[in-house]
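Input: a single structure, listed below in structure tokens.
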Amino acid sequence: MPALPLDEAGKYVAAAYVVFLTLVLVYVAIMAAKVARIQRELSELADLAEKERHPEANPRGADAGAQGNA
Amino acid sequence: MKVPSLRDNAIAAALVLCAGFALVFFYAPLDADQGFIQKIFYLHVPLAMCSLAGFVVGGIFGIAHLRTGKSIYDVRSYVSIHLSVIFGVGVLVTGSIWAKASWGKWWVWDEPTLVSFLIVFLLYATYYPLRYAIEDRDRQGRYASVFAITAGAFVPLNFVAVRMAQSLVHPRVFATANGGLPGSMLLTFLVCLAGMALLWIALVRFELAAKAASASLSRLRRAIEGEEYAPPSGSRIAPRLPTSATSPS
């Protein structure tokens with residue numbers, strides 16, 4: 001089969017590179033969502049630990065902590 | 001030797017890949033036979049090589065897991081195979097796009113290179129159901145390592161078998177026979193291969209870092225809330241790092 005002309009081949013080449021970039025971006029986005037979830041849970045735990053160390057700062061500390069874990 | 005940080009690794013991967021793609025489109029000459037469509041091979045072949053190498057790396061980590069019993073190696077094996085399967089998807093899709101442009105068909109069944117890669121890909125696609133069909137974590141890790149070793153050994157054997165096959169249609173674009181590649185094409189290909197390898201390593205380290213952070217979080221939560229804490233069930237299908245592991249070096 002003879003080589004495709006540039007305008008015809010360009011579409012296929014662009015499609016291949018776009019597929020690759022999309023694949024990497026989707027993977028990174030999924031991983032970023034996981035890392036964001038970890039950060040959120042970590043900050044919840046930090047709040048909880050802070051309230052347990054200084055219960056007088058928040059008289060409803062236990063209730064707030066329970067809500068934070070919900 | 002100092003291991004570069006994940007950030008440096010990711011930056012290096014991005015820079016080398018960008019440089020490689022710039023060379024592809026502004027430096028490497030057009031292939032006399034295939035023309036512009038041959039540019040796909042600077043993406044397709046490094047993806048395939050990294051994917052296959054990653055499967056072998058997964059097998060090597062499987063050996064380390066069975067020898068030492070440390071679950072960190074099981075996690076590394078899992079992540080290596082996971083990334084390689086994702087790269088494998090890229091190989092199949094970019095290869096099909098090239099086949100459509102060059103042969104007029106998305107897929108042909110009488111081509112050993114294509115079919116053998118599909119067999120390897122489907123073999124590794126069974127890794128996930130095998131792994132998650134076993135509830136016991138230790139047994140799951142052992143069986144997954146045995147699978148990773150067996151399938152990892154199959155990859156180079158398969159590669160050699162395909163190279164020995166006499167194909168009439170699949171081009172050996174990067175073969176050394178008949179003079180091999182011109183220097184400019186070879187340089188471009190090597191830069192793309194280096195960039196892809198760096199990307200694979202960076203993504204593996206990224207996922208391992210996320211798993212390490214998740215394991216540390218679980219340990220922290222248990223310490224704060226007591227042993228009654230149970231991790232969310234929906235996000236725990238992948239193997240977890242041991243609670244003592246914090247750094248995915």
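In whole angstrom, note down how far apart the Cα centers of region B:26-98 and region B:120-148 are.
Here the two parts' Cα centres lie 19 Å apart.
In the calculated pair distance distribution of region A:8-56, what percentage of Cα-Cα distances lie above 18 Å?
60 percent
Report the extension gain between B:ALA14 and B:VAL89 in nm, rounded to one decimal, defined as 0.36 nm multiplied by the number of residues separating them, less their alpha carbon distance.
Extra length from B:ALA14 to B:VAL89 when fully extended: 25.0 nm.
Which of the peptides A:26-33, B:109-116 is most tightly packed, and how do the rest follow, judged by the mean count of other Cβ atoms within 10 Å per residue?
B:109-116, A:26-33
With respect to the cross-link table entries A:LYS34/B:LYS70; B:LYS2/B:LYS70; A:LYS51/B:LYS70; B:LYS39/B:LYS105, which display a Cα-Cα separation exceeding 28 Å?
A:LYS51/B:LYS70
Taking every residue in B:31-41, how many Cβ atoms of other protein chains lie within 10 Å of its Cβ, on average?
5
Quote the charge dipole size of region A:8-56 about the Cα centre in Debye, to the nearest 20; the model charges only the Cβ of Lys and Arg (+1) and of Asp and Glu (-1).
It works out to roughly 280 debye.
Read-outs throughout are calculated quantities, based only on the coordinates presented, and are distinct from any laboratory measurement. None of the values given here were measured: they were computed from a predicted structure. Glycine gets a Cβ as well: all are built from the backbone with ideal geometry, and neighbour counts include every protein chain shown.
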